[in-house]
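J.: Once you've had a glance at the structure underneath, I'll fire off some questions.
The values are calculated or read from the model by the stated rules, or taken from the named source; none is laboratory data. Note that this is a predicted model, so its numbers are computed, not measured. Reconstructed Cβ throughout: ideal geometry from the backbone, glycine too, with neighbour counts over all protein chains shown.
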Amino acid sequence: MHEADIHIRVAVLTISTSKYETYGEVRNLDSLDKIDDESGKTVVQELSDICEITEYRLVPDDMIRIQSEVVDLLKNNDAVITTGGTGITPTDVTVEAIEPVMTKKIDGFGEIYRMLSHIDVGAPAILSRTFACLIEDKVVFCLPGSPKAVKLGIKLIRDSLKHIITHAKGLK
């Protein structure tokens with residue numbers, strides 16, 4: 001199968017305790033229009049032309065919830081893109097939630113992200129733990145929560161999503 005022919009289903013998961021406390025549990029794509037989540041909206045807007053965005057969910061910064069939602073979303077999707085929880089504050093636990101269930105880390109994604117971020121913001125880029133990984137034959141991209149950081153991550157995802165999926169599924 002050629003990369004251009006592949007249909008990709010993607011879910012978006014925003015990880016933010018403050019948004020969760022304001023809006024409660026959100027588990028549907030239509031609800032995204034009703035809440036203040038610029039990063040989640042950016043993912044949907046910027047990727048809708050290259051893949052099918054199937055689901056949106058909002059959860060707090062809680063390791064068990066994050067891991068559970070990602071695993072659940074991967075049941076019906078080829079990829080999950082998370083926003084939030086990739087920094088170094090005590091509440092940033094996205095990396096810790098995903099690492100125990102990942103199959104393979106895609107080191108280059110985080111490395112290139114931090115390099116490009118460094119060009120833009122300088123030394124603070126080292127604080128980002130942005131990464132991508134496989135869970136079996138599906139991909140998870142973990143982006144920071146800021147809209148500007150998400151836009152940077154989306155550039156990399158747009159350029160690599162189909163290629164990563166075809167390799168992960170052994171279609172290449």
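J.: Got a number for residues in segment 139-166 being part of a helix (DSSP H, G or I), touching a Phe, Trp or Tyr at 6+ places or on another chain (Cβ under 9 Å) and closer than 13 Å to I8 by Cβ?
T.: 4
J.: Restricting segment 136-159 to residues that are out of contact with any Leu (no Cβ under 6 Å at 6 or more places or on another chain) and of a type in the set (V, I, T), which is surrounded by the most Cβ atoms within 10 Å (Cβ to Cβ)?
T.: Per the stated criteria, the residue is V139.
J.: Here's a follow-up. Given (1) assigned to a helix (DSSP H, G or I); (2) surrounded by 23 or more Cβ atoms within 10 Å (Cβ to Cβ), identify the lone condition not met by F109.
T.: Only one criterion in (1) assigned to a helix (DSSP H, G or I); (2) surrounded by 23 or more Cβ atoms within 10 Å (Cβ to Cβ) is unmet by F109, namely (2).
J.: Here are T89, T42, T94: which of them is closer than 21 Å to K148 by Cα, of a type outside the set (A, V, I, L, M), in contact with a strand residue (DSSP E or B) (Cβ under 6 Å, 6 or more places away or on another chain) and modelled with pLDDT of 95 or more? So that I can check it myself, show each step before the final result.
T.: Details: T89 fails: in contact with a strand residue (DSSP E or B) (Cβ under 6 Å, 6 or more places away or on another chain); T42 fails: in contact with a strand residue (DSSP E or B) (Cβ under 6 Å, 6 or more places away or on another chain).
Result of the check over T89, T42, T94: T94.
J.: Further question: Would segment 17-39 turn up any residue that is surrounded by fewer than 14 Cβ atoms within 10 Å (Cβ to Cβ), over 28 Å from L127 (Cα atoms) and among the hydroxyl-bearing types (S, T, Y)?
T.: No: zero hits.
J.: Would you check if I64 is under 14 Å from the mean Cα position of the chain (by Cα) and in contact (Cβ under 8 Å) with a residue 12 or more places away in the chain?
T.: Answer is no for this residue.
J.: From E21, E25, grab the single residue that is under 21 Å from P147 (Cβ atoms) and without any contact (Cβ under 8 Å) to a residue 60 or more places away in the chain.
T.: E21
J.: Also, I was wondering about something else. Which of the residues spanning segment 112-138 are in a strand (DSSP E or B) and either touching a Phe, Trp or Tyr at 6+ places or on another chain (Cβ under 9 Å) or without any contact (Cβ under 8 Å) to a residue 60 or more places away in the chain (or both)?
T.: Result: F131, A132, C133, L134.
Each row is one residue, and each column tells you yes or no for (1) aliphatic (A, V, I, L, M); (2) surrounded by fewer than 21 Cβ atoms within 10 Å (Cβ to Cβ).
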| site | (1), (2) |
| --- | --- |
| I64 | yes, yes |
| V71 | yes, yes |
| K75 | no, yes |
| T82 | no, no |
| G85 | no, no |
| T94 | no, no |
| I98 | yes, no |
| V101 | yes, yes |
| K105 | no, yes |
